[in-house]
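Here the structure comes first, spelled out in structure tokens, and everything after it is commentary.
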Amino acid sequence: MSKIGVFICHCGENISSTVDVVRVAEETGKLEGVEFSTDYKYMCSDPGQTIIKQTIKEKGLTGVVVAACSPRMHEPTFRKACQEAGLNPYMCEMSNLREHCSWVHDKSEATTQKAIDLVRTLVEKVKLNKPLYPIKVPVTKTALVLGGGIAGIQASLDIANAGHKVILVEKDPSIGGHMSQLSETFPTLDCSQCILTPRMVEVAQHPNITLWTYAELEKLEGFIGNFKATIRKKAKSIDENICNGCGHCTTKCPTKKIPSEFNTGLGTRTAIYVPFPQAVPNKPVIDKDNCTYYQKGKCKICEKLCPTGAIRFDQQDELVELEVGAVVIATGFNVMQPSGFPEYGYGKYKDVITGLQFERLASASGPTLGEIRRPSDGKIPEKIVFVACAGSRDPAKGIPYCSKICCMYTAKHAMLYQHKVHGGKSYIFYMDIRAAGKNYEEFVRRAIVDDEVNYIRGRVSKVYEENGKLIVKGVDTLLNAKPVEIEADMVVLASAAVANPGAEELAQKMHVSYDSYNFFSEAHPKLKPVETNTAGIFLAGACQAPKDIPETVSQASGAASKVIILFSQNELSREPVVAVVNRSAPPVYSTCVGCFMCASACPYQAIGEELITDRKGNVIKRVAKVNPGLCQGCGTCVAFCRSKSIDIDGYSNEQMYSEVMALLNND
Amino acid sequence: MTEFEPKIVAFVCNWCTYAGADLTGTSRIKYAQNVKIIRFPCTGRIDFMLLLKAFGEGADGIIVSGCHPNDCHYTSGNFHARRRWIMFRGLLDLLGIDIRRIQYSWVSAAEGAKWADIVNSTVKTIRELGPYTDYAKVAGYLEKEVKE
């Protein structure tokens with residue numbers, strides 16, 4: 001006979017303001033098998049949990065239903081409380097009265113009735129719950145870090161310094177990411193390369209880090225602690241072990257006019273190239289799409305010149321299988337090409353550039369060696385206009401969200417311009433200045449007060465060329481919406497930060513959730529900001545949402561510490577929500593007929609066969625058997641089974657049918 | 001006379017639609033009280049006999065919702081569910097069951113507003129269709145057939 005305890009939470013007033021919690025407790029207390037029911041202001045608080053624990057002990061409860069927030073939020077909390085009181089944690093279920101009832105309905109009789117129905121449903125389920133015990137699985141103490149920007153670098157170094165092996169995979173020929181392209185960083189104006197490149201070298205030299213550049217994730221299988229990753233190491237067409245990075249090949253390569261990705265198209269590179277002089281590893285790769293030999297079958301100048309004979313034209317992509325225990329995704333972001341905004345003239349006028357291009361112009365390692373010069377004629381611009389929110393906060397044509405970094409980098413750009421071009425005039429068209437961060441507001445004030453940057457609150461309606469000048473037409477909304485016209489020499493668009501083009505595909509490969517903008521979703525917006533919904537896969541940096549460098553580094557260290565926590569144990573406890581094939585006494589043994597439909601449906605190859613034999617070893621029956629180490633508990637096999645012989649713990653047929661029946665029988 | 005309040009059961013997966021419905025809550029988007037959610041690990045777990053059971057127990061409408069194609073937490077459970085739904089729909093139609101009463105949809109964890117829309121539009125549809133008393137007739141007929 002069940003003795004169920006029902007605990008209704010007020011959640012402060014979040015639930016009790018629309019649901020009559022006292023009545024819910026009263027009504028559900030009358031249900032058959034319910035021994036005790038009560039309500040309390042904060043069930044998740046220490047006194048709340050104490051009520052649950054004491055009641056379990058005093059009344060000898062066999063099951064617990066906590067009616068509070070979403071189980072995705074506090075199921076582990078309450079299950080742990082039950083465990084501490086000596087009740088198997090899987091005898092505790094949560095009824096979601098907050099997210100699915102009180103927050104989505106107005107106060108009414110129907111809302112309270114719905115709450116009663118929801119609790120009753122879970123009471124009926126709990127009656128059929130059975131104690132489950134965690135499944136132990138080994139942990140492979142190697143981490144895979146995807147992306148070699150500052151996020152991936154920080155995460156790799158932290159994990160490696162804790163004594164664990166790291167495999168860092170970067171899709172480009174060098175690590176460094178967007179941070180290596182930046183000139184100086186806000187709010188301190190220290191040079192990006194100066195703080196980043198030592199870290200890059202540290203990664204390359206760390207005994208615990210294996211660095212694979214020009215490589216991408218091909219496939220990811222398995223589960224927390226036991227992933228199997230397949231990495232495609234793209235053919236670099238050089239033998240890295242022989243190449244000494246002398247650079248003869250890159251200077252003599254005849255194909256020289258390829259727009260450099262690192263310089264955002266403002267400079268050129270050769271077909272065999274190192275992306276930038278400080279690259280790590282500082283060894284070239286051949287860009288097959290632009291190499292004369294690969295395209296036309298003739299050339300091989302690099303091969304002839306190479307003093308060590310390191311060029312390998314016949315090199316093929318290599319697929320490597322790895323066993324890893326955790327994955328950190330740090331694949332970063334991309335900058336939206338503002339070609340969808342014809343009014344700004346990007347792509348039409350050479351002197352309309354993006355913020356990232358301006359970074360390259362202002363960078364000492366850039367195409368102009370740090371001098372601000374117009375891409376069209378190389379002249380130093382006397383008047384420059386910055387357009388903030390070029391794409392951001394624009395649900396109609398761009399993206400609805402705020403890209404977060406643009407206010408700060410635009411202030412920085414204007415400052416750098418004022419420092420480099422004395423007597424120059426800079427204007428910033430903005431919607432709002434969002435400078436929330438340590439020393440950020442002060443930085444913006446410095447731009448306005450000390451460097452005399454002209455901030456104009458308003459939007460730009462049109463940019464067009466006239467007599468070699470770019471005419472910027474806009475409006476100043478703070479001066480009675482007065483139209484403004486500026487004859488500028490250069491226009492810089494703070495184009496929006498967007499997800500990488502391959503983000504969606506990568507998320508699907510790894511089975512992690514992503515939002516409507518293709519940024520990867522964290523497991524909880526506040527309490528689990530570095531975890532994903534898939535256990536063992538963590539997030540770092542701007543692949544989750546636009547972020548500045550300090551935030552990225554913090555999150556990367558956060559992700560790394562999660563990995564280190566995971567690796568601190570030799571064995572891992574897994575949720576025992578797995579499928580089981582029934583067994584019974586002879587002469588039936590199992591109702592399974594051995595059709596193996598379940599095995600064909602299983603996405604994890606977790607179902608194999610078992611031979612039931614008699615004492616002499618004669619095979620009596622061939623039935624399906626679930627490997628609990630591989631089973632992830634989706635239950636697809638259960639719905640497939642024709643003889644209802646396979647069932648899933650925690651979501652059994654009995655439980656689900658009784659839920660349906662309880663939900664509907666409220667008369 | 002009071003307006004007909006349909007009873008609707010939602011069968012949803014834990015990872016996308018359940019989380020999406022949580023987001024509806026956190027975003028404080030209001031919807032009708034008629035829909036009550038039952039949580040499954042995956043839409044692949046949803047045995048469609050459960051839907052018949054729900055009708056048998058007096059449900060006027062049903063929502064089945066999970067992850068968008070390719071977003072399944074378990075790789076392919078939602079594809080199995082989709083295929084099952086295509087087969088099942090034809091079968092139910094043949095049996096004379098009103099398939100307009102089953103709303104099959106995809107709601108991701110980021111689509112709180114979409115969940116509210118689906119709930120409200122389903123409630124509207126079912127309200128227009130009226131109470132599902134026909135099911136009892138169909139089910140009764142089937143039982144008779146089986147006995148004979």
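Restricting the calculation to alpha carbons of segment A:28-139 gives Rg and Dmax of 14.4, 51 angstrom.
Across peptide A:120-126, the mean count of Cβ atoms from other chains lying within 10 Å of each residue's own Cβ comes to 1. Phi angles across segment A:231-236 convert, under the Karplus curve 6.51 cos²θ - 1.76 cosθ + 1.60 with θ = phi - 60°, into 3J(HN,Hα) values of 10, 8, 8, 5, 5, 8 Hz, Gly and Pro given as x. Diffusion coefficient (Stokes-Einstein, Kirkwood radius over C-alpha pairs, 37 °C, 0.692 mPa s) for segment A:579-648: 269 µm²/s, rounded to a whole number. Of all aspartates and glutamates in the structure, the ones whose alpha carbon falls short of 14 Å from that of A:K80, not counting any fewer than 8 places away in one chain, are A:D46, A:E93, A:E575. Comparing A:S645, A:P603, A:V619 along the charge dipole axis of segment A:579-648, the residue lying farthest to the positive side is A:V619, per the Cβ-charge model. Here's how it looks for A:I167: its modeled amide H is under 5 Å from those of A:A143, A:L144, A:V145, A:T210, which are all 5 or more places away or on a different chain. Here segment B:56-148 is assigned +1 on the Cβ of each Lys and Arg and -1 on the Cβ of each Asp and Glu. Its dipole about the Cα centre then comes out at about 160 debye.
Dipole magnitude for chain A: computed about the Cα centre from +1 point charges on Lys and Arg Cβ and -1 point charges on Asp and Glu Cβ, it is near 1360 debye. Would chain B count as rounded, prolate or oblate if I go by the C-alpha gyration tensor, calling it rounded below 1.5 in a/c and otherwise prolate when a/b exceeds b/c, oblate otherwise? Note, shape of chain B comes out oblate. To the nearest 0.05, how large is the calculated FRET efficiency for A:H524 and B:K137 if R₀ is 51 Å and r is the Cβ-Cβ distance? FRET efficiency, A:H524 to B:K137: 0.60.
Each label was represented as a point 7 Å from its Cα along the Cα-to-Cβ direction; for A:E318 and A:D190 these points are 3.7 nm apart. What is the distance in Å between the Cα centres of segment A:433-476 and segment A:161-214? Going from one Cα centre to the other spans 32 Å. Inter-label distance, A:E575 to A:T613: 3.7 nm, where each label sits 7 Å from its Cα along the C-beta direction.
Legend: mean number of C-beta atoms from other chains within 10 angstrom of residue C-beta atoms, peptide B:10-23, equals 4. By the count of other C-beta atoms within 10 Å, a proxy for reagent exposure, A:M1, A:M661, A:M43 are ordered fewest to most as A:M1, A:M661, A:M43. Straight-line reach only, C-alpha to C-alpha below 17 angstrom: list the aspartates and glutamates that A:K420 could link to, leaving out same-chain residues fewer than 8 apart. Qualifying aspartates and glutamates at Cα under 17 Å: A:E184, A:D190, A:E359, A:E371, A:E382, A:D450, A:D451, A:E452, A:D489. Cα centroid separation, segment A:254-309 to segment A:38-78: 64 Å.
Projection of the Cα convex hull of the protein assembly as shown, averaged over all directions and equal to a quarter of that hull's surface, yields 44.3 nm². Take every pair of alpha-carbon atoms less than 8 Å apart whose residues are at least six positions apart; their mean separation over the length of chain A yields a relative contact order of 13 percent.
Quick check on segment A:465-551: take the gyration tensor over C-alpha atoms, sort the square-rooted eigenvalues as a ≥ b ≥ c, and tell me if it's rounded (a/c under 1.5), prolate or oblate. Prolate is the answer for segment A:465-551, as a/c is 1.5 or above and a/b outweighs b/c.
For A:I258, the residues whose modelled amide H falls within less than 5 Å of its own, excluding neighbours fewer than 5 places apart on the same chain, are A:R269.
Can you sort B:R82, A:R615, A:R622, B:R28 so the residue with the fewest Cβ neighbours within 10 Å comes first?
A:R615, B:R28, A:R622, B:R82
Taking packing as the residue-averaged number of other Cβ atoms within 10 angstrom, the listed peptides A:500-510, A:73-83 run from highest to lowest as A:73-83, A:500-510. With contacts taken as Cα pairs under 8 Å at a separation of at least 6 residues, segment A:175-291 carries a relative contact order of 20 percent. Taking the number of Cβ atoms within 10 Å of each Cβ as an exposure proxy, the fewest-first ranking of B:L95, A:L630 is B:L95, A:L630. Candidates A:F520, A:S102, A:Y294 compared by Cα position along the dipole of the protein assembly as shown: farthest toward the positive end lies A:Y294, with charges placed on Cβ.
Between B:R83, B:R127, B:R100, the GNM of chain B built on Cα springs shorter than 10 angstrom shows B:R83 fluctuating the most. A straight Cα-to-Cα reach below 16 Å connects A:K165 with the lysines A:K141, A:K228, A:K562, residues fewer than 8 places away in its own chain not being considered.
Directionally averaged projected area (segment A:335-498, Cα convex hull): 9.3 nm². Quick one: if you stick a label point 7 Å off each Cα along the C-beta vector at A:T230 and A:S643, how many nm between them? Each label point lies 7 Å from its Cα, and together they span 3.5 nm. Given the pairs A:K252/A:K283; A:K125/B:K137; B:K36/B:K124; A:K30/B:K7; A:K348/A:K462; A:K404/B:K30, which span a C-alpha to C-alpha distance of over 19 angstrom in this model? Where the Cα-Cα span goes over 19 Å, the pairs concerned are A:K125/B:K137; A:K30/B:K7; A:K404/B:K30.
Its residue count N fixes a reference of 2.2 N^0.38 Å for segment A:146-188, and the Cα radius of gyration divided by that reference is 1.30.
Every number here is computed from the coordinates shown, using simple stated rules; none is lab data. No experiment lies behind these values; they were computed from the predicted model shown. Backbone-built Cβ (ideal geometry, glycine too); neighbour counts: all protein chains shown.
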